[in-house]
Structures are given as structure tokens and as C-alpha cells.
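S.K.: What follows is a structure written as C-alpha cells; I'll ask about it next.
The values are calculated or read from the model by the stated rules, or taken from the named source; none is laboratory data. Please read these numbers as outputs of a predicted model, since none were measured by experiment. Virtual Cβ from ideal backbone geometry, glycine too; neighbours counted across all protein chains shown.
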Amino acid sequence: MAGLDSLVNALKAAGEVTRLRLLALLAAGELSVKDLTEILDQSQPRVSRHLKLLAEAGLISRHAEGAWAYFGLSDDSERARLARHLVDLLDRDDPQVAEDILRLQRVREGQREQAAAYFAQVAGSWDLLRNLHVPEEAVEAAISELVGVRKLDLLLDLGTGTGRMLELLAGKYQRGVGIDSSREMIAVARAKLVAANIAHAHIRLGDITEIDAHAGPADLIIIHQVLHYFDDPGSMVQAARRALRPGGEMIIVDFAPHELEFLRTEHAHRRLGLSQAQMESWARLAGLEVTGFRDFPSENGPENLTVCLWTLKHPGDDSRRSETA
């Protein structure tokens, strides 16, 4: 329980209109200062000052990534409960709150359109482009090793891109579903699966943050080099968790934290890598446990990017998953 002084400081920090609006926005997921200034229509110094007060009170957390910083509700469960309780007390029909939510939706839509334009441009050369920066053979070998001899009823590949994961693991699942929001990417993926004579995998056009009923429940979910395209990777992990069978696993592959701003400006990356601490926090909030971690330093090019592979486990019973030799 919080002491009197601590609680009073937290309430004082939250007790201002702009700071309450910030808490309401951050309750919907992590956002950058740039996003928040656009939504609130206030100057960057003013928004940063409000964020500083909320962070000092422990109500929000800050993650610096190169020239940008992302904010979200506090990772501390006690302070997070207080922040969410204050947000829950807000009237969603209040004109200012409703306008903020509408502006947030517009910002998110603009980000999706930017990413879609990028993927449409690079779809044909996507696998080659990815190999310029990633030790892909080692990562794919590790993924195959993790799946092992299991025969999965359903493999779900979120942000499937060119369908490479469905192709790689084709002998390990009864049914595979790849979901992507880029029409150009899924056209490439479908062509590749046909060429490889993989008839038990299917590609679907869809928003992977809003997975519908046909997607699960999955024995294994793969999110391969996808989360760095999202301002709020934690929300993506929580959305994926809803499509995971009790006892199922999630394999996440992404970059370790780095400072290569050109990936943000030229390649539509929103996050400059993901840290172990961030993944632990996102997994915990999603009701998952991080059960494995490996890293793969780059052997290609001067960028020295490191790729990380995390295994997340659903805590439920996994008796439905079969083992075959």
C-alpha cells in the first residue's frame, strides 16, 4: 500500500486536465511525444513537462529509443492500478475525451497507412532486404529447433510478410494461417506457397491487432520481425495472446535496442528494437511467461544489429498438443 505522501503526490500529479488526458491516452497503449503533441495540439515542451511530472509520480513509464521516447502507464502494479482507476472514472462521452480518442485513432491510421505504403514498395524484394541486416539462417534454425518434433494443430503467423515462416515450418503443422495487412505482401506469400506446393497453409488479409475468430486458438504463434513496426508492441502481444491456446507458445523475433535512426525514417520502423525488460513487462501484462531467450549478433554489414528470439508460454494446460517422431 502507498504511504500518505506518495499517494498525495501521485494524485497531485494526475490532478490537472492535460495530465488526465495524457493518462487516458496512455491507457490505450504506448505513444511517443510526437504522437501526444499531435493529439493534444500542444507544444512539445509543454507536453514533455506534463509527462515529466507524471513520470516522477510513478504513474507513467518512459522508454528512450534513439531520438524518440515512448511513454506508457507505469509498470509498477500499484501505480498502474491508480492510473487506470482514474482513467476509468472519466466520462468517455466528455467532448474533450471523445475528441482525444478520435485524434488517437487518426494518428494510428496514419501510421498504418505509412507502413502499408512502405510494404507495398518493398514486397517483391522483402526477403532479400531482410537478409541484409539479419542472420536469418541462424534464426530460422533456432525456430525449427524450438518447434522440434511437435505436430501442431494450428500455427498462426502474424504479420506473415512473404509467408517465410509458413514455408519453413510446413512439415510441423496440420494447418497454418498467415495474416498480414499488406495486399502486396500477401500476394507474394500466396505465390510462394503455391510454388512450394504447401496446400495446408492459408494467407489472410487482416489487421493483426484485431484478430478475428478464424485465427485461433493456435498451438504456436510466430511474430517474426513485426513488433518494431508498432508504437505499442505490448498491445500487439496482448492481442496475440487472445488467439493462443492454453499451454500454447509464442515465438517473437525482433531487434535488440539500437540507435539506427535511418530504420525509422527510411524503413517505417516505429521502435528501435525491444529490450529484455520490455518483453518481460509486455508478457506479464498479457498473462504470459518468458521461458526462453537467444540473441544473434549480425554478421552482415556495418550496422551490427542484434536479433533476439523470445519464447513466451501460455500458463494453461497443454495436453491437446501432440508429439510425433
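S.K.: Regarding region 215-225, can at least one residue be identified that is free of Cβ contacts under 8 Å to residues at least 24 places away in the same chain and in the same structural domain as ALA142 (by TED's automatic domain parsing)?
M.R.: The answer is no; no qualifying residue exists.
S.K.: Then there's this: Give region 60-80 a look and list any residue that's within 29 Å of LEU7 (Cα to Cα) and either over 22 Å from the mean Cα position of the chain (by Cα) or among the aromatic types (Phe, Trp, Tyr) (or both), or say none.
M.R.: Residues of region 60-80 that are within 29 Å of LEU7 (Cα to Cα), as a first pass: 60-64, 69-80.
Across region 60-80, the qualifying residues are TYR70, PHE71, GLU78, ARG79.
S.K.: Right, another one. Scanning region 171-184 for residues that are over 12 Å from ASP153 (Cα atoms) and over 19 Å from the mean Cα position of the chain (by Cα), which turns out surrounded by the most Cβ atoms within 10 Å (Cβ to Cβ)?
M.R.: Selected residue: GLU184.
S.K.: What number goes with the only condition from (1) over 18 Å from ALA240 (Cβ atoms); (2) modelled with pLDDT of 85 or more that ILE143 does not pass?
M.R.: (1)
S.K.: On to the next question. Of the residues that make up region 225-239, is at least one over 25 Å from ALA64 (Cα atoms), of a type in the set (Val, Ile, Thr) and under 15 Å from the mean Cα position of the chain (by Cα)?
M.R.: Within region 225-239, not a single residue is over 25 Å from ALA64 (Cα atoms), of a type in the set (Val, Ile, Thr) and under 15 Å from the mean Cα position of the chain (by Cα).
S.K.: Being in contact with a strand residue (DSSP E or B) (Cβ under 9 Å, 6 or more places away or on another chain), closer than 12 Å to ILE222 by Cβ and assigned by TED's automatic domain parsing to the domain that holds ILE222: is that true of ILE198 here?
M.R.: In short, no.
S.K.: What residue, of ALA240, ALA283, is closer than 25 Å to LEU168 by Cα, touching a strand residue (DSSP E or B) at 6+ places or on another chain (Cβ under 9 Å) and part of a helix (DSSP H, G or I)? Show your work before the answer.
M.R.: On the way: ALA283 fails: closer than 25 Å to LEU168 by Cα.
Unique residue meeting the criteria: ALA240.
S.K.: Right, another one. For region 242-264: of the residues being over 22 Å from PRO297 (Cα atoms) and surrounded by fewer than 20 Cβ atoms within 10 Å (Cβ to Cβ), which is nearest to the chain's Cα centre (by Cα)?
M.R.: Result: ARG242.
S.K.: Oh, and also: Please specify each residue of region 249-274 satisfying the condition of being β-branched (Val, Ile, Thr) and within 17 Å of PHE293 (Cβ to Cβ).
M.R.: ILE251, ILE252, VAL253
S.K.: Now for a different question. Take region 163-187 and flag every residue that is within 20 Å of ILE143 (Cβ to Cβ) and assigned to a helix (DSSP H, G or I).
M.R.: We begin by selecting, within region 163-187, every residue within 20 Å of ILE143 (Cβ to Cβ); these are 163-180, 185.
Correct list: ARG164, MET165, LEU166, GLU167, LEU168, ALA170, GLY171, LYS172, MET185.
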